[in-house]
């Protein structure tokens, strides 16, 4: 049932922040996002600097996506079965270990003579991080629902997205400057320290016992999660729409190519370009903390993804750095609307004892859009040229939005606001 008889909660944009454990969750979300994105940006830049091969950058996304997609369902199953906080702590500890290994080995490999060795080392480390994230993501997204009351879910989704997007601004925004000041190895030390802060924040959250669930094998429980996701039309369409639009329309993975070869702005410019979508996202998210997009959620979601596609097309044809930044800003602003709507739907509609599995399925769709999309971007740029590949991606996004609109007209007037 969509509506309920709960008295309306007073519109307080800071409502979710009044819960201490939710604040710790936001800090953890922020720190791990900043750390991993700094690492991602400097890895992509260093790899392209040594190889000048956009496919090598695209392979970074594939290296993370393969283990994430293969193992997320197991991560979701164990997130429903075990204590979520423990899974998060162990996952972050192993991610930190991977960064330490990369730091130790980086000193002997950062030369053109070792470009091939460096490339395979990077892919191996990213593969291991993908394994860790396959368990971390379902546990983290499931735990969030236990930190605030149900009537605060929409506001908490907005703040959770804001925390993540702020991390996406800060991480890439300072990555180029850290790289210029301290080099690749020195910046990795910063990454290690900031991920450790995420571990501290998680440690301040109380452990929750797993939810009771019906007996059944792991395979049966995973199938149950798939059946629920497929039968709940708005969830299935929303995560499908996000997957295909970002997979084909996303440009983040090949921004080093634009920074070096098209706009000629270097590592500092790359950091600004990476931050621009999230600056747009955060500004819109602050608006959404006051004005929820859930009243006409599906209509708003379709418009947001269409706007994302149009902004991608503008970025593709731009040869001016300011216009390119504005287009990237717009992609983040539109994407933030769809992120809040999808996250709120997952909290409102999914039963407690199934959150881990359904969030794992959502995570697979997201990984397919982001990491597999990164590989697609690199491959398409190599085969077609960078600009034509982005134009094609924006056009495909618009086609997908149109197709799903005609498949889902019955959802346009549904109200999920209370």
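The values are calculated or read from the model by the stated rules, or taken from the named source; none is laboratory data. Not measured: the values here are computed from a predicted model. Using ideal geometry, Cβ is built from the backbone for each residue, glycine included, and neighbour counts are taken over all protein chains shown.
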Mind checking whether some residue in the stretch 368-377 is more than 30 Å from residue 223 (Cβ to Cβ) and either under 24 Å from the mean Cα position of the chain (by Cα) or modelled with pLDDT under 80 (or both)?
-> yes
Inspect the stretch 177-184 for any residue being at positive phi and surrounded by fewer than 21 Cβ atoms within 10 Å (Cβ to Cβ) and give the result as yes or no.
-> yes
Pairs only if they're at least six apart or on different chains, beta carbon under 9 angstrom, first in the stretch 109-129 and farther than 15 Å from residue 99 by Cβ, second loosely packed, with under 13 Cβ neighbours inside 10 Å and at pLDDT 60 or above; list them, first residue then second.
-> 114/108; 117/108
Can you give me the number of residues within the stretch 145-191 that are part of a helix (DSSP H, G or I) and within 20 Å of the chain's Cα centre (by Cα)?
-> 24
Per the filter on the stretch 333-359, residues modelled with pLDDT under 75 and buried (at least 24 other Cβ atoms within 10 Å of the Cβ) are 355, 356, 359
Within the group 91, 140, 79, 108, which residue is at pLDDT below 85 and either in a helix (DSSP H, G or I) or crowded, with 16+ Cβ neighbours inside 10 Å (or both)?
-> 79
Right, residue 101: within 21 Å of the chain's Cα centre (by Cα) and at pLDDT 85 or above or not?
-> no
Answer yes if at least one residue in the stretch 41-61 is touching a helix residue (DSSP H, G or I) at 6+ places or on another chain (Cβ under 9 Å), within 30 Å of residue 218 (Cβ to Cβ) and surrounded by fewer than 24 Cβ atoms within 10 Å (Cβ to Cβ), and no otherwise.
-> no
Of all residues making up the stretch 381-404, the number that are more than 20 Å from residue 252 (Cα to Cα) and surrounded by fewer than 17 Cβ atoms within 10 Å (Cβ to Cβ) = 3
Of the residues that sit in the stretch 192-219 and are assigned to a helix (DSSP H, G or I) and modelled with pLDDT under 90, which one is surrounded by the most Cβ atoms within 10 Å (Cβ to Cβ)?
-> 218
Looking only at residues in the stretch 111-136 that are modelled with pLDDT under 85 and crowded, with 20+ Cβ neighbours inside 10 Å, which one is farthest from residue 67 (Cα to Cα)?
-> 118
Going through (1) under 28 Å from residue 155 (Cβ atoms); (2) in contact with a helix residue (DSSP H, G or I) (Cβ under 8 Å, 6 or more places away or on another chain) one by one, residue 319 fails only at (1)
Pick out the one residue from 304, 281, 275 that is modelled with pLDDT of 85 or more, buried (at least 18 other Cβ atoms within 10 Å of the Cβ), assigned to a helix (DSSP H, G or I) and within 21 Å of the chain's Cα centre (by Cα).
-> 304
Residues of the stretch 241-255 being modelled with pLDDT under 80 and assigned to a helix (DSSP H, G or I), which ones?
-> 242, 243, 244, 245, 246, 247, 248, 249, 252, 253, 254
